[in-house]
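Have a look at the structure below, then the notes.
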Amino acid sequence: MDPKTLRYAPTHEWAVMDGEYCVVGITQFAVEQLTDIVYIDLPDEGDPVFAGKSFGEIESVKAVSDLYAPITGEVAQVNKKLLNDPTLVSQDPYGKGWMIKIKPDQGATLDHLLTLEQYEKQIASEEH
Amino acid sequence: MAMRTPLYDWHVAHGARLVDFAGWDMPVQYSGIIEEHTAVRTAAGLFDISHMGRFSFSGPGALDLIQYVYTNNAGTMKDCQVRYGLICNERGGVRDDVLVYRWPYGYAMVVNAANREKILSWLEQHKGSRDVQIEDQTLQTCMVAVQGPKALEVARGLTAADASQLGYYYATATTYRGQNCIVSRTGYTGEDGLEIITTAALAVPLWEDLLARGAKPCGLGARDTLRLEAAMPLYGHELTEDIDPFQAGLSWAVKLDKGDFIGREALLRRRDDRTLPRRVGLELEGKRLAREGAAVLRDGREIGRVTSGTFAPTLNKAIAMAYVDPAHTAPGTALEVDVRGKPVPARVVPLPFYRRAK
């Protein structure tokens, strides 16, 4: 995925529409903050998710963090490869490290999310 | 404002991620915790531990004061020997865990950064009429640890005295670049290695010399995973003012027959108290990690709490240390840990989790 075409949540998830599905992952910045990812807990296919609410968790040696859904809908697909090899997320957060695909509810959009430029501004301020 | 070690600028310039630790801005990691951890287990890692408190004791009353506040026996130490022990309160709870150094000319003590001021005032408070001068040398000096199977090789020739000849838990007072320097065969990682103290002005040259010889810079993150695998207690987690050394499994560092010392009477009672929780090691199923404060359960009932937990990179397992009711401490006991609302199966295992091959 090209980071320029993605939209971003302030909680460091990225999202992009791919056909009828919304693909979700976490950003390079999030990966750098977490480092040493050891475990990822993802929902099951068919589970409902709600924009701004936790859909799973990611654990690094240092700490555990919630993963927040960028959009409301139903989990259509889960990247099961991550369950065996969570390091895929740090190796390729915008590609092989994608986490779930959501079938958005009627009318749900990504319009409320940040653009790359807005997101970069946010992380620049977080680094201070 | 947080205190800074003489290596602070180096850490910042080299991309370390800094955190506040006991009032100090300390590097938590450079390249990554697991990578740094592995460097220490397989080669040599280098830690800035200048935040640790360093006291020197002089005067004829030095030994007597140390004996009065310290649970181990400093009276049987040989010149240049280093010994681990506790400083207890009157109730037998742990005020700090420390290293005592015996020199031909006096004594020294290394204490935890978080307890430096507390212990310094405790010493002053209890010195009474003893003829002893205590000097806090923390800010004039620096301290680094080089740890790992290649640590001695990395440090060879760095100081005037040959540190590779040191016995385990022995130290030498020598020189580095013409300045006074102390090297001890001690550490907090479960590996062989050295800890080096010299003047603060030489901190960066010492650090860069050790890096040039092949040591990898490591932060507090790896220091924590390393000490946890080696089951070494961390003050504020496994040791507190309310936990006694017997509960912590440190009876070997308490010499009740050495004469009077602060906490001795309470410890005589607590030694045989079978109702107090005990420190155990836990191995968890799966990769979810038990963090500090997580409840330990048996048959759904809480029997203790986790004090430290992590992913153990050398063992590739989730491990934790916990204090549990003494009825459930036998190795093999099946328990559960409440990890954020979900019970995770765990079992009691002997400590340490990791022991290096001799």
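Any residue at all in segment B:46-62 that's within 14 Å of chain A (Cβ to nearest Cβ), over 23 Å from B:Arg130 (Cβ atoms) and of a type in the set (Ser, Thr, Tyr)?
Step one: of segment B:46-62, the residues within 14 Å of chain A (Cβ to nearest Cβ) are none.
No, the conditions are met nowhere in segment B:46-62.
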| task | Look at B:Tyr84 and say whether it is of a type in the set (Ser, Thr, Tyr) and within 14 Å of the chain's Cα centre (by Cα). | result | yes
| message | Being closer than 18 Å to B:Cys218 by Cα, in contact (Cβ under 8 Å) with a residue 12 or more places away in the chain and within 14 Å of chain A (Cβ to nearest Cβ): is that true of B:Ala39 here? | response | yes
| said: Suppose the filter is crowded, with 17+ Cβ neighbours inside 10 Å, within 14 Å of another protein chain (Cβ to nearest Cβ), on the phi < 0 side of the Ramachandran plot and within 22 Å of the chain's Cα centre (by Cα); does B:Thr198 pass it? | reply: no
| What tally of residues in segment A:21-42 results from selecting those that are in a loop (DSSP other than H, G, I, E, B) and closer than 16 Å to A:Trp98 by Cβ? | 2
| said: Between B:Ile66, B:Ile34, which is assigned to a helix (DSSP H, G or I), within 14 Å of another protein chain (Cβ to nearest Cβ) and buried (at least 20 other Cβ atoms within 10 Å of the Cβ)? | reply: B:Ile34
| Hey, any hits in segment B:255-269 for a residue that's crowded, with 21+ Cβ neighbours inside 10 Å, of a type in the set (A, V, I, L, M, F, W, C) and under 18 Å from the mean Cα position of the chain (by Cα)? | no
| query | Which of the residues that make up segment A:62-120 are within 21 Å of A:Gly46 (Cβ to Cβ) and among the aliphatic types (A, V, I, L, M)? | reply | A:Leu67, A:Ala69, A:Ile71, A:Val75, A:Ala76, A:Val78, A:Leu82, A:Leu83, A:Met99, A:Ile100, A:Ile102, A:Ala108
| message | Yes or no: segment B:24-38 includes at least one residue that is small (Gly, Ala, Ser) and at pLDDT 95 or above. | response | no
| Failed criterion for A:Glu45 (all others in (1) crowded, with 19+ Cβ neighbours inside 10 Å; (2) away from every other protein chain (no Cβ under 14 Å); (3) part of a loop (DSSP other than H, G, I, E, B) hold) | (1)
| Which residue out of B:Pro331, B:Pro352 is assigned to a loop (DSSP other than H, G, I, E, B) and in contact with a Pro (Cβ under 6 Å, 6 or more places away or on another chain)? | B:Pro331
| Scanning for something within 14 Å of another protein chain (Cβ to nearest Cβ) and not in a helix (DSSP H, G or I), does segment B:218-237 turn up at least one residue? | yes
| message | Which count do you get for residues in segment A:48-90 that are within 14 Å of chain B (Cβ to nearest Cβ), surrounded by fewer than 21 Cβ atoms within 10 Å (Cβ to Cβ), touching a Ser or Thr at 6+ places or on another chain (Cβ under 9 Å) and of a type in the set (D, E, K, R)? | response | 2
| field | Residues of segment B:277-325 that turn out to be surrounded by 15 or more Cβ atoms within 10 Å (Cβ to Cβ) and away from chain A (no Cβ under 12 Å), as a count | value | 24
| field | Number of positions in segment B:172-202 that are in contact (Cβ under 8 Å) with a residue 24 or more places away in the chain and part of a strand (DSSP E or B) | value | 13
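The values are calculated or read from the model by the stated rules, or taken from the named source; none is laboratory data. These numbers were taken from a predicted model, which means no experiment stands behind them. So basically every Cβ, Gly included, is an ideal-geometry build from the backbone, and we count neighbours across all protein chains shown.
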